[in-house]
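Below: the structure, in structure tokens.
Please treat every number below as a calculation from the coordinates, not as lab data. Treat the numbers as computed from the prediction; the structure is a model and nothing was measured. Every residue, glycine as well, gets a Cβ built from its backbone with ideal geometry; the counts of neighbours run over all protein chains shown.
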Amino acid sequence: MMNKQKIKFLALFVLYPTLLFSGNDISVDVILSNLKRIYAEAHSSNEAWERLAVLCDDYGPRLSGSQNLEKAIDWLQGMLIKDGFDSVWTEPVMVPKWVRIHEECKLVYPRSKAVPVLAFGGSVSTPPNGISAEVLVVDNFDELESNREKVKGKIVVFNPPYEGYGKTVQYRWFGAVRAAQYGAVAALCRAVSPLSMNNPHTGVMHYEDSVPKIPFASISEEDALLLERFQKRGITPKIFLNIQTADSGKSPSRNLIAEIRGSVYPSEIIAFGGHIDSWDVGSGAQDDGAGCVAAWQALKIIKTLGIRPKRTLRLVFWVNEENGLEGGKKYAELHKHENHRLMFEFDSGVFPPSRIGFSGPDSIWEKVQPFEGFLQKFYPDVKIQQGGGGVDISPMTKLGFPGASLGTDDGGKYFWYHHSHTDTPDKVNPKDLNNCSAVIAMFIYLFSELI
């Protein structure tokens, strides 16, 4: 007996020409042949991983406003030109320049202990000689509220258990404001991660003009729990904290773009990519160097195979996703009047591909959903589902352009490394990177030919 997947795929071959191929002069046989070629080319080498390693090893972390980022863009632009794409160019973007200068955190009572620490992006400095203060540990904002009379003059430590990134990250975003409004002199937050090996995680934070700005930083789960245990035993820990940062206003940067021009509808654009900036720790491999390289390799595969897509395929490396979204905003400002048929972003970490999410009109969704049958010939577990997008493409999708994204089955591992010193190329599996490149190439090829 045929399984449901085989029945679905045979039905796709029968129905697709009348339902979706009307107006197209390309056969299912040609589509399948090109998909097989894409798959084979994607797995012909580990070139994608080698390029990721050069990006991360040679240029390091790529925080907006840094020379590392600008040098990486220079190298990438040269490589894209070398690959022979039809057009390669950059577009100026002004980005924030926040600089991490010095960090030191020590437990000074009831014993001496070094505490690994990472200031959150945008944090203000402590006084030059640091702060020494007693600690108040709270697990959540309700607990902070119930202990508001104890906060003044203390360093508040937020110790929320990890309950998924979307829920737990609120303590990183709002923590400084909530602690400062009750008189805290600084705040610390347990790393927003499901796994800690004495590893703090940075990320963007939030201030409000009506509330004093206090230094705010990440500490490891182990140290947050240590402080909590002391407090539960009736001991009030004391910490020394010295954070020195600089806010240098705006700095010039660039979005980087490469294209293969469409052979039939060159004014219709499929834009896809990731964000090339990262935080200033680790080397931004999973977030989002690998996403950029996977998209780059997808375009290179199509170029190498000599496939001339009907619509223009535009690779975009956006800047400043991590702490400002200026790259995405500038792209929308400059390109919102162009006919974008799709905006696609990959920023979920490189692991086995599991889904493509799509957000757009029902009339397009009805054509996109059957792509699943094609993809499952090569990746049986990949689904195409409604609901997709990304931070960098959000200024465009908010204007009504369709959006899509690649999701992966990370087994919970992505946030082990996210925004930390451990986000390095060795955390990226070369086979997974090849698979992600192949799925992106297949999807944008299908979209170009069949929508």
>> Can you give me the long-range amide H partners of Tyr109? Hydrogens built in the peptide plane at 1.01 Å from N, cutoff under 5 Å, separation of 5 or more residues or another chain.
In response: Lys238
> Per the helix-only calculation at 222 nm, which mean residue ellipticity applies to the chain, given -39500 (n - 2.57) for every DSSP H run of n ≥ 4 and division by its residues, nearest 500 deg cm²/dmol?
Replying inline: -10500 deg cm²/dmol
>> What FRET efficiency comes out for Arg233 versus Gln67 if R0 is 60 angstrom and r is the Cβ-Cβ distance? Round to the nearest 0.05.
In response: 0.80
>> Report, in listed order, any pair from Lys97/Lys152; Lys106/Lys154; Lys167/Lys427; Lys303/Lys383; Lys152/Lys213 with a Cα-Cα distance greater than 23 Å.
In response: Lys97/Lys152; Lys167/Lys427; Lys303/Lys383
> Which of rounded, prolate, oblate describes the stretch 99-247, given a ≥ b ≥ c as roots of the alpha-carbon gyration tensor eigenvalues and a/c under 1.5 marking rounded, otherwise prolate only if a/b is larger than b/c?
Replying inline: rounded
> Considering amide H positions built from the backbone, and no H for Pro or chain starts, which residues 5 or more places from Val204, or on another chain, come under 5 Å of its amide H?
Replying inline: Gly121
> Expressed in nm to one decimal, what extension gain is obtained for the pair Leu32 and Tyr165 from 0.36 nm per residue of sequence separation less their Cα-Cα distance?
Replying inline: 44.0 nm
> Under a plain spin-label model, where a point goes 7 Å from the Cα along Cα-to-Cβ, how far apart in nm are Asp362 and Ile101?
Replying inline: 5.9
> Residue by residue, what Karplus-based ³J(HN,Hα) values in Hz, rounded to whole numbers, does the stretch 66-83 have, using 6.51, -1.76 and 1.60 with θ = phi - 60° and x for Gly and Pro?
Replying inline: 8, 5, 4, 4, 5, 5, 5, 4, 4, 4, 4, 4, x, 5, 5, 5, 4, 5
>> Testing the spin-label approximation: label points 7 Å from Cα along Cα→Cβ at His43 and Ser210. State their distance in nm.
In response: 5.8
> So how do Val138, Val28, Val124, Val350 line up by other beta-carbon neighbours within 10 Å, fewest first?
Replying inline: Val28, Val124, Val138, Val350
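Normalise the Cα radius of gyration of the stretch 320-451 by 2.2 N^0.38 Å (N = residues in it) and let me know the number.
The reported ratio for this selection is 1.09.
Between Ser248 and Leu334, what is the FRET efficiency for a Förster distance of 22 Å, r being their Cβ-Cβ separation, to the nearest 0.05?
Numbers: r = 25 Å, r/R0 = 1.14.
Here the calculated transfer efficiency is 0.30.
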> If we count other beta carbons within 10 Å of each Cβ, what is the order of Phe443, Phe378, Phe415, fewest first?
Replying inline: Phe378, Phe415, Phe443
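So how do 90-97, 221-228 stack up, highest first, on mean other-Cβ count within 10 Å? Please list the in-between numbers first.
Working: 90-97: 18.2, 221-228: 20.2.
Result, highest mean first: 221-228, 90-97.
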>> Can you list residues from other chains, or at least 5 along the same chain, whose modelled amide H is less than 5 Å from the amide H of Leu195?
In response: none
> Which three extents, in whole angstrom, do the alpha-carbon atoms of the chain cover along their principal axes, largest first?
Replying inline: 75, 52, 39
> So what are the ³J(HN,Hα) numbers for the stretch 394-402, from phi and the Karplus equation (6.51, -1.76, 1.60; θ = phi - 60°), rounded to whole Hz, Gly and Pro as x?
Replying inline: 4, x, 7, 5, 5, 7, x, 6, x
> Hey, what do the phi angles of the stretch 443-451 turn into as Karplus ³J(HN,Hα) couplings, whole Hz, using 6.51/-1.76/1.60 and θ = phi - 60°, x for Gly and Pro?
Replying inline: 5, 5, 5, 4, 5, 5, 8, 10, 7
> Sorted from fewest to most neighbouring beta carbons within 10 Å, what does the list Asp287, Asp362, Asp392 look like?
Replying inline: Asp362, Asp287, Asp392
> To the nearest 20 debye, what charge dipole does the chain have about its Cα centre, counting +1 at the Cβ of each Lys and Arg and -1 at the Cβ of each Asp and Glu?
Replying inline: 380
